[in-house]
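Just dropping this structure here.
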Amino acid sequence: MILDNFFPSVVAREDHIGWADEMLPIVKEFFNTQPSNPNFYYNGKTTHGTGLDLIQNPQFKPFTDFILYKGREFLEIQGFDPSPIKFNPYFFLNSFSRGSNHPKHLHSQCTLSGIFYLQTPPGSSKIRFYPNQPFRDFFDYFFHIKDPNNWYAMPHFDYTPYPGLLLLWPGWMYHEVPPNDSEEPRISIVFNL
């Protein structure tokens, strides 16, 4: 039997440790000097919802340009023409301490989403992606998975973060960050394009 795969959900990944080395001190300085949204994450910090426009900050301009380039490349590799797409980039910084998490969600009002990891000490939470297949909620055989490692039956896929890991995915793809268990903060830059 041949199983043809049509319309896959795609997550791109690349390593860029140089950007992690360059951006980590800048992001740490932001957390030391700029306001954080205390109500967004349990025991964590974020610039999301604070009104900070990181895109206009000169310290973030080279990294923003890099991410925009990567977003266009992500679409081109999949056979799409990114030139007519008007990305509206929004970046925010996250610092997760022990217990911080982000329940299952997606990113609306954008084409692509992504995360870039700057600091991931031992115990840093993974990021978990779910297949966007609503029919799984209605057909009983999807609740009786025999082999969770079988590509077709996988209920989710986890990426283990490390400094310099860049992930990009369609904004409509559900994902979550389970509770963090690291002593030191797990620090990342999240973006929507």
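Which semi-axes, in whole Å and largest first, does the equivalent ellipsoid of the stretch 56-101 have when worked out from the alpha carbon gyration tensor as the square roots of 5 times its eigenvalues? Please report the intermediate quantities before stating the final value.
On the way: eigenvalues 140, 49, 16 Å².
Semi-axes from the Cα gyration tensor: 26, 16, 9 Å.
Same structure, new question: Note down the Stokes-Einstein diffusion coefficient of the stretch 28-72 in µm²/s, whole number, using a Kirkwood radius over alpha carbon pairs, 10 °C, and 1.306 mPa s. List each step's numbers first, then the result.
On the way: Rh = 11.9 Å.
Translational diffusion coefficient: 133 µm²/s.
Taking all protein chains in place and a 1.4 Å probe, what share, in percent, of the accessible surface of the stretch 139-193 do carbon and sulfur account for? It would help to have the intermediate numbers written out before the result.
Numbers: 1810 of 2980 Å².
That share works out to 61 percent.
How much mean residue ellipticity at 222 nm does the chain get from its helices, if each DSSP H run of length 4 or more adds -39500 (n - 2.57) and you divide by all residues, to the nearest 500 deg cm²/dmol? Can you show the working numbers first?
Working: 2 runs with 34 residues, N = 193.
About -6000 deg cm²/dmol.
Average projected area of the Cα convex hull of the chain, in nm²?
Values: hull surface 50.8 nm².
The orientation-averaged projected area of the Cα hull of the chain comes to 12.7 nm².
Using the Cβ atoms and a cut-off under 12 Å, what net charge is assigned to the surroundings of S125, where Lys and Arg are +1 and Asp and Glu are -1? Present the calculation step by step, with values, prior to reporting the outcome.
Working: positive: R98, K126, R128, R186; negative: D158, E176, D181.
Neighbourhood net charge equals +1.
Quick check: the angle from helix 61-77's long axis to the longest principal axis of the chain, C-alpha only, nearest 10 degrees?
With both axes taken from Cα atoms, the answer is about 10 degrees.
For the stretch 52-193, with every protein chain kept in place, what is the accessible area per residue (1.4 Å probe, Å²)?
Details: 7500 Å² over 142 residues.
Per residue, the stretch 52-193 has 53 Å² of solvent-accessible surface.
Stokes-Einstein at 20 °C, 1.002 mPa s, Kirkwood radius from Cα pairs: D for the stretch 1-66 in µm² s⁻¹?
On the way: Rh = 15.1 Å.
This corresponds to a translational diffusion coefficient of 142 µm²/s.
Something else: With r defined as the distance between the Cβ atoms of I26 and F87 and R0 fixed at 25 Å, what FRET efficiency is calculated, to the nearest 0.05?
Details: r = 22 Å, r/R0 = 0.87.
Once rounded, the FRET efficiency stands at 0.70.
Related question: Can you send over the carbon and sulfur percentage of the accessible area for the stretch 1-125, probe radius 1.4 Å, protein chains only?
Details: 3940 of 7370 Å².
Carbon and sulfur atoms account for 53 percent of the accessible area of the stretch 1-125.
Taking a cut-off of 13 Å, what percent of all Cα-Cα pairs in the stretch 133-184 are separated by more than that?
Details: 979 of 1326 pairs.
When all Cα pairs of the stretch 133-184 are counted, 74 percent exceed 13 Å.
Ranked highest first by the average count of other Cβ atoms within 10 Å around their residues, in what order do 131-142, 32-43, 62-73, 106-117 fall?
My ranking of the peptides, most packed first, is 106-117, 62-73, 32-43, 131-142.
Moving on to the next point. Please list, in order along the stretch 99-115, the HN-Hα scalar couplings obtained from phi with the Karplus expression 6.51 cos²θ - 1.76 cosθ + 1.60 (θ = phi - 60°), rounded to whole Hz, x for Gly and Pro.
x, 4, 7, 9, x, 3, 7, 9, 10, 8, 6, 8, 8, 10, 10, x, 9
The values are calculated or read from the model by the stated rules, or taken from the named source; none is laboratory data. In this text the structure is predicted, and so the values were computed from the model without any measurement. We place every Cβ from the backbone using ideal geometry, glycine too, and count neighbours over all the protein chains shown. Surface areas here come from the heavy atoms of the whole protein model, side chains and all, with no ligands, DNA or RNA. Shrake-Rupley method; radii C 1.70, N 1.55, O 1.52, S 1.80 Å.
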